[in-house]
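See below for the structure under consideration.
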Amino acid sequence: MSADKATYDGSDIKVTVAKIATGNINYVYNGKTVSSTPFTDQEAGKTIANIAAPAGTVDGLRYKLADATKSYAYPDKDGDVNVDLAAIVSGTIKFVDADNNTLVKQQEFLDQTPGAQISPLTLPDGYVLAVDANGDVQSTYNYPTTDAQVVTVKVQKLTTGNRNDGMELTEVPSFSSDNNTIGASDTTTLTATKDGVLSYLNLKGQKADIYMSATDLKSNGSALPIKTLKANLSAGLADVYAANQTDGYGHMIVNDTTSKKGSLTIPDLQMTLSNNNFAAGTYSGTINYTMVSDDLN
């Protein structure tokens, strides 16, 4: 009696297994976890899709990705992924008249770095930063350190002086620059408000002169090392920096006018510094305009 015998050769068995990981996506700001999102059995090394900063406010702040271009992947084994965040705040800047405590203007700001200096600080037309009890300009203002707050900036109306013996400065310009890279070898242009127009009355038609003088520009009590501060006049550039003046009134910009009404244009100031020994900041000062008659009798 016989039987057939079947023979089977051995064959490979192939099983494809993917590495998976379980853990948390931690959203981290300044070393502290703001929020976490768990993940389960995700493919190791695979790019995490739709990474986004947590919505809403946590600890008084809102957040954005510190680097929106950076991609993150699931780990090779069970564990966490840390996503770096940057804090942001939004709110309102209110410009308040220091003399009567009334609101002059307000403007919104969005998604700014908490505590950072507000730059540029754009003042309402016709106003300058108010001085403190020591007579110094409060020149540095910062965004709040928590969200949805109000920054109050005290301002004073740009004064044109009282009418004296028929003379009055009815409109004067102020100047500003948003240049963030000022050096000792640079010339920085400070552009005028109101198109740089200075207007005056001289109702008696007597001979009168107008002078211009600029004080130091300070930030938190420290002054810029100004070498020259020149007004762009029709006759050319003239240094109006008070420290360089010999006349107590400043530099004469109008000489012996007898016009009962007149104006001139000062489109900008040209500033040069003597050295680079100054800190970053917003520097502010005052320009004084004076109208003087040859004979007040």
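The values are calculated or read from the model by the stated rules, or taken from the named source; none is laboratory data. Here the structure is a predicted model, which means the values were calculated and not measured. Glycine also receives a Cβ, built like all others from the backbone with ideal geometry; neighbour counts cover every protein chain displayed. Protein only, heavy atoms only, side chains kept; ligands, DNA and RNA dropped before computing areas. Shrake-Rupley method; radii C 1.70, N 1.55, O 1.52, S 1.80 Å.
With a simple spin-label model that places each label point 7 Å from the Cα along the Cα-to-Cβ direction, the separation between ASN162 and THR187 comes to 4.1 nm. Our analysis of the chain gives Rg over Rh at 1.35, with the two radii drawn from alpha carbon positions and Rh computed by the Kirkwood formula. Counting only protein heavy atoms and a 1.4 Å probe, the chain has 59 square angstrom of accessible area per residue.
Calculate the FRET efficiency for ASP41 and PHE109 from the Cβ-Cβ distance with a Förster distance of 51 Å, rounded to the nearest 0.05. That pair, ASP41 with PHE109, gives E of 0.70.
When the chain is treated as a GNM with alpha-carbon contacts under 10 Å, the residue of LYS19, LYS154, LYS260 showing the greatest mean-square fluctuation is LYS19. Within the range 43-65, which residues have the backbone N less than 20 Å from the label spot 7 Å out from ILE20 along Cα→beta-carbon, could you tell me? Label zone hits: 43-49. Across ILE182, ILE48, ILE210, mean-square fluctuation computed from a Gaussian network of the chain (C-alpha pairs under 10 Å connected) peaks at ILE48. Here the accessible area of the range 198-285 is 45 percent carbon and sulfur, with a 1.4 angstrom probe and all protein chains present.
How high is the FRET efficiency between ASN277 and ILE118 when r is their beta carbon distance and R₀ equals 25 Å, given to the nearest 0.05? Efficiency computed from Cβ-Cβ geometry: 0.55. Under the simplified labelling scheme, the GLN149-THR33 pair shows an inter-label distance of 2.8 nm, with each label point 7 Å from Cα along Cα→Cβ.
Based on C-alpha pairs under 8 angstrom that are at least 6 apart in sequence, the chain has a relative contact order of 14 percent. Quarter the surface of the alpha carbon convex hull of the range 153-206 and you get the mean projected area, 6.2 square nanometres.
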